[in-house]
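First up is the structure itself, then whatever we jot down about it.
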Amino acid sequence: MKRRGIFIALLCAAALPAFAQQAGTFTDSRDGHLYRWVRIGDQVWMAENLAYLPRVDRVSDAQFEQERYWVYGYFGSDVAEARQTDAYKTYGVIYNWQGARTACPAGWHMPTEEEWQQLEVTAGMDPADAPRRGWRASGDVGRKLKARTGWKENGGDDSFGFAALPGGMRGYADFESVPYCAYFWTASPTNGDNGWRRSLIFDESSIEKNEDRRYVGSSVRCVKDESTAEKSE
């Protein structure tokens, strides 16, 4: 009976999704913030949005070349107060593109367009679709990357532990799109004053590749540097 119990335990462990055995936490030495991470294929991603907040900027303050930091729905300027809001605790910080470029902690970086495409292909997207712009439906990647709860409706199945939440954005003049949409910057610029980003929406199982002005605000998921990706935290 004891041997049978051990066999059943091993069988159940083997049935767990791969990410459940390749996940952990690390602490950002800059502010003591604890993050979850998950390995997806050959990459190690943050399993929650970046929350580094050196200051809070006015939602009306749009900048292309200077870093900007916002917390959804917060209109004050006190960092400690902003960190106590439900939006900060749930969705982290919203960055303009310039702020996103420098916000990841040591050993991590804002993912490039190519690194996002690698994630999408690992999650099941047809490799031919990955470079295309617009809504790409192959593999139901949007559904697989969305968290199961926290969306207006139609949460995902979180197949890989990425747990994307609808943190919205800082649009052209104000905050918008919580709890309907999630937006993530990539580190790859486009021609002109735009940057590439990814979008997930509550009523789509696909994921969008598109560009937006660099002064708008989106969330960031950092990916671990290749030189340290094999090390556990």
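Figures for the structure shown
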item: Unique match (being touching a helix residue (DSSP H, G or I) at 6+ places or on another chain (Cβ under 8 Å), of a type outside the set (Ser, Thr, Tyr) and over 15 Å from Asp212 (Cβ atoms)) among Gly142, Gly161, Gly155; result: Gly161
item: Which numbered condition Gln118 fails, given (1) in a loop (DSSP other than H, G, I, E, B); (2) closer than 22 Å to Asp212 by Cβ; (3) under 16 Å from the mean Cα position of the chain (by Cα); result: (1)
item: Qualifying position, being buried (at least 19 other Cβ atoms within 10 Å of the Cβ), touching a Gly at 6+ places or on another chain (Cβ under 8 Å) and either under 22 Å from Leu53 (Cα atoms) or modelled with pLDDT of 95 or more (or both), among Arg197, Arg214, Arg136; result: Arg214
item: Any pair with Cβ under 6 angstrom, 6 or more apart, that starts in the range 199-218 at a residue that is under 16 Å from Gly139 (Cα atoms) and in contact (Cβ under 8 Å) with a residue 24 or more places away in the chain and ends at one that is assigned to a loop (DSSP other than H, G, I, E, B) and not polar (S, T, N, Q); result: Ser206/Ala137; Lys209/Arg133
item: Odd one out for Glu48 among (1) part of a loop (DSSP other than H, G, I, E, B); (2) under 14 Å from the mean Cα position of the chain (by Cα); (3) without any contact (Cβ under 8 Å) to a residue 24 or more places away in the chain; result: (3)
item: Residue in the range 167-186 that is assigned to a strand (DSSP E or B), of a type in the set (S, T, N, Q) and buried (at least 20 other Cβ atoms within 10 Å of the Cβ) present; result: yes
item: Only one of Ser60, Ser77 that is surrounded by fewer than 17 Cβ atoms within 10 Å (Cβ to Cβ), of a type in the set (S, T, N, Q), more than 22 Å from Asn194 (Cβ to Cβ) and more than 16 Å from the chain's Cα centre (by Cα); result: Ser77
item: Contacts under 7 angstrom Cβ, first residue in the range 141-163 being touching a residue at least 40 places away in the same chain (Cβ under 8 Å), partner of a type in the set (Asp, Glu), 6 or more apart; result: Val141/Glu120; Gly142/Glu204; Arg143/Asp157; Lys146/Asp158; Asn154/Asp203; Ala163/Glu48
item: Residues being crowded, with 24+ Cβ neighbours inside 10 Å and part of a loop (DSSP other than H, G, I, E, B) - total across the range 83-92; result: 1
item: The lone exception for Tyr35 - which of (1) under 19 Å from Trp185 (Cα atoms); (2) at pLDDT 95 or above; (3) out of contact with any helix residue (DSSP H, G or I) (no Cβ under 9 Å at 6 or more places or on another chain); (4) assigned to a loop (DSSP other than H, G, I, E, B) it fails; result: (4)
item: Selection count where residues are more than 15 Å from Ala47 (Cα to Cα), small (Gly, Ala, Ser) and modelled with pLDDT of 95 or more, scope the range 172-194; result: 2
item: Identity of the residue in the range 93-115, among the hydrophobic types (A, V, I, L, M, F, W, C) and not in a helix (DSSP H, G or I), that ends up surrounded by the most Cβ atoms within 10 Å (Cβ to Cβ); result: Ile94
item: Any hit, the range 129-145, residues being under 18 Å from Met46 (Cβ atoms) and assigned to a loop (DSSP other than H, G, I, E, B); result: no
item: Residue within the range 123-138 that is more than 30 Å from Asp28 (Cβ to Cβ) and of a type in the set (Asp, Glu) present; result: yes
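The values are calculated or read from the model by the stated rules, or taken from the named source; none is laboratory data. From a predicted model like this one, the values you see are computed outputs, not experimental measurements. Glycine gets a Cβ as well: all are built from the backbone with ideal geometry, and neighbour counts include every protein chain shown.
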